[in-house]
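Take a look at the structure below.
The values are calculated or read from the model by the stated rules, or taken from the named source; none is laboratory data. All values reported here derive from a predicted model rather than from experimental measurement. Positions of Cβ are generated from backbone atoms using ideal geometry, with glycine treated the same way; all protein chains shown enter the neighbour counts. The protein model used for the area step is the full one, side chains on, heavy atoms only, and it has no ligands, DNA or RNA in it. Shrake-Rupley method; radii C 1.70, N 1.55, O 1.52, S 1.80 Å.
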Amino acid sequence: MCRWVIFKGRNEILLADLLLRPAHSILTQSYDCRLRLDRLPHNGDGFGVGYYTNPELGKGPCIFTSTTPAWNCTNLTRLAEKTTSSLVFAHVRATTTGVLSETNCHPFAYHSLMWMHNGHIARFNKIKRRIVEEIKDEYFLSVEGSTDSEWAFALFLDTLDSLGADLKNPPPTGFGHALLRTAMLQTISRLNTFLQSASVTEPSLLNFGLSDGHTVICTRYVSSKTDEAASLYFSSGTRFHEYRPGGFYRMERHDKGQDLVMVASEPLTFERGDWVTVPTNSILSINKQTVLIHPVVDKYYQPDPSCSRNAAFVESKGMVGRGPEKGAVAGVKGPIVSEDSSDASGLEVDRLNTPGVCSGGGQLNVAPMVGVSS
């Protein structure tokens, strides 16, 4: 499976400090993926970087993709050493659906929207025609590749359009986290409906990442009530920097603010206190540097916070579902809203037993998000 990382900050970051220099950067994960269990720790089927620039240059992201493995791409190094942005998506690919080509490399874009995916849609060939039949022509024609991920993006675009959004003329401040979250939930619901209609029983792994240049929406989701989802973590603080030569980076927290937030399939650092595990079957939003996490309440929802999911399926796909213990957010019982429940350091809180606590202080709201019934 693939790996991805998202950065959203008040200030811009040099891409090299996010993609290249950390000891376990996304570049390193392309050839040394610590959380893959299939003895094939390579994500070498291409990569992509997308980032937003000055709005005067257009509302859409700049995207660079290549079929060259990330570890062997000189142009990526050249670009990353000279480019800064406050909102960055990066993705290294291990193909499951679709041939090796630049059109199949993530992230994908449509006007101001950017999308990427880690996971797979089970038996995608059984529902592809249904997706084609359901979506509007403009979103059908926007698909350039052959991956399940890009078709899921087309379905999301159609869903967002059906909610009244003008995708070609987005508002100056974006579509808003509530609308994007609703569209994401309805997209997952539509996929589940299609899969159920096609009698597909194998779980789908749907870790999606989305942005409109203002808000970020991420999901950690599996279409199963008993299986674990693919791993996903987030980290927040006031400064991400190299504290010791050799790629030793860490997240600093000088106050309760969240000047920067990162979401990643694998932690970029080996500092356990830096990272929080996103709960299984939940949707994470970054709105004005505030992290909000909502459990997805559908037929796969587990209201019991002590429920233990089986990791065998996700491990069979080469991934793990469990994160660092110190960074776990467990015991999430909706409705829970924590307005400011962490201490100033963001390091001393026992997050295993404290729902609604955000790594690095700041604000983390946890409440149920009801999905559309499938």
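Kindly indicate which of 210, 232, 163, 185 is among the hydrophobic types (A, V, I, L, M, F, W, C), touching a helix residue (DSSP H, G or I) at 6+ places or on another chain (Cβ under 8 Å) and surrounded by 22 or more Cβ atoms within 10 Å (Cβ to Cβ).
After applying the criteria, what remains is 210.
Suppose the filter is out of contact with any helix residue (DSSP H, G or I) (no Cβ under 7 Å at 6 or more places or on another chain), open to solvent by less than 30 Å² (accessible area, probe 1.4 Å) and at positive phi; does residue 176 pass it?
So residue 176 passes the test.
Which one of 134, 150, 102 is among the charged types (D, E, K, R), farther than 20 Å from residue 284 by Cβ and modelled with pLDDT under 95?
102
Given the criteria more than 19 Å from residue 192 (Cα to Cα), of a type in the set (Asp, Glu) and either surrounded by fewer than 17 Cβ atoms within 10 Å (Cβ to Cβ) or out of contact with any Phe, Trp or Tyr (no Cβ under 6 Å at 6 or more places or on another chain) (or both), does residue 144 qualify?
yes
So for the stretch 42-59 (the condition being at pLDDT 90 or above, within 23 Å of residue 148 (Cβ to Cβ) and touching a Cys at 6+ places or on another chain (Cβ under 6 Å)), does at least one residue qualify?
yes
Quick check: is even one residue across the stretch 160-174 within 19 Å of the chain's Cα centre (by Cα), within 20 Å of residue 278 (Cβ to Cβ) and in contact (Cβ under 8 Å) with a residue 40 or more places away in the chain?
So far as the stretch 160-174 goes, no, none of its residues is within 19 Å of the chain's Cα centre (by Cα), within 20 Å of residue 278 (Cβ to Cβ) and in contact (Cβ under 8 Å) with a residue 40 or more places away in the chain.
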